[in-house]
Amino acid sequence: MRRVLRVALRALTYCIDVFQAFWNILCFKVSHASTRVDPSPIEPSNSDVDPTPIDSRMTVEEERWSYMPHDLLSKIAGELGLMDFLSFRCVCKDWHIASSKVSHEDNSSTCEPWFLVYEGEGSQCSLLSSKHKRYISHTLELEGAACLASYEGWLLLFREGSLFFFCPFSKAKIELPNCPIAEVTDHVAAFSSAPTAPNCTVVVLNRLSQFELQLFMVCRGETVWTRHSYEGYNFKTMRTALFYEGDEFHFLDGKQGLVSFDSKSSEWKSYYLRPATASPEEVVVLSYRISENFFQHRNNNGKGTFLEANDSISTVGTTVSRNTGNYDLLIGNESIKAPKESESRHLKGVWIKPKYCYVPPDQTW
């Protein structure tokens, strides 16, 4: 409680009307106190020590904080780091209500995703912040689930024949109707925006054979998935998917192959990736950089190591928007196998934008 209060006090410096708000509160308390008459006689005291029990004084202090206007509390909450924001919501009912309709993003790590790791069979998961702080929690939605995509603080999860969106920070969940797949094998997926956006589109792709790709698509408000196929090329297994721009989704095989799908025209295209050394008329220049070994590089450098000697892990990447430069960063999906797979512990990991996503109670797809 005291730690959160200290953080809240620091955040007050960012509020342009904080002094006026406090002045209004103090004036209210002074005028309110002046109207009360204490019938007990005033007795002399030789001590300046407050005889009120410590617990009672702390209760009074907490009540004073809860009297603050909700609009001011919301401004304070908006200036906190993500984990302090989550602690802020747990202080009392008024603070929880004041921050309940805020979609909060950790501004201290705008360009750095956090890493969530879980075993898939249990509910315990570990979260590593961009500053290498580790948090442990139990998240039932991740138990037995496979993550297919991560974007804007949302995860697209598959479990027991169903697909659903889930935000680990707010625990918000949105079910997708009529899941078109029975199990996850080599599937990859992407979505165009947050599932609360009216134009959100979801695609799930897998390779049916060496020469055929299969894609299922559903748009916000629809209940039926449309099926699309692409034939004629020697396709490798797709490793990573992302929403590119306009209405276009990209699928990468982890080598030099790229397949695009236009969600409006249903048009497919194939590309071969190489450095853009040719003239602009001869190439399509992508607006993102690709990092295929993002987790492996960080794990080898000891930045928040999760893996033990004989662990294996499958990770899901994300797209990171850059504040400087013209390119986003695409973190690709990775798979790291243990030397002795039969004796290894298999982990699942996902890169995620640190964002608390608010969803109204009656929100549906």
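Things to note:
- Ranking by accessible area, most exposed first, for Ile181, Ile136 with a 1.4 Å probe: Ile136, Ile181
- Separation of alpha-carbon centers, segment 78-98 and segment 206-231, rounded to whole Å: 41
- In this structure, Val284 and His96 have a Cβ-Cβ separation that, at R0 = 30 Å, corresponds to a calculated FRET efficiency of about 0.05.
- Take Glu308: with every protein chain present and a 1.4 Å probe, its accessible area is about 120 Å².
- List Ile97, Ile76, ordered by accessible area with a 1.4 Å probe, largest first: Ile97, Ile76
- Where Val284, Val91, Val188 fall by accessible area, highest first, once all protein chains stay in place (1.4 Å): Val284, Val91, Val188
- Here Tyr271 sits with roughly 80 square angstrom of accessible surface, probe radius 1.4 Å.
- The calculated FRET efficiency for the pair Asn293 and Ser260, based on their C-beta separation and a Förster distance of 25 Å, comes to about 0.60.
- The heavy atoms of Asp94 present about 50 square angstrom of accessible area, all protein chains included, probe 1.4 Å.
The values are calculated or read from the model by the stated rules, or taken from the named source; none is laboratory data. The shown structure was predicted, so the numbers you read here are calculated from the model rather than taken from an experiment. So basically every Cβ, Gly included, is an ideal-geometry build from the backbone, and we count neighbours across all protein chains shown. When the accessible area is computed, the model is the full protein with side chains, heavy atoms only, and any ligands, DNA or RNA have been set aside. Shrake-Rupley method; radii C 1.70, N 1.55, O 1.52, S 1.80 Å.
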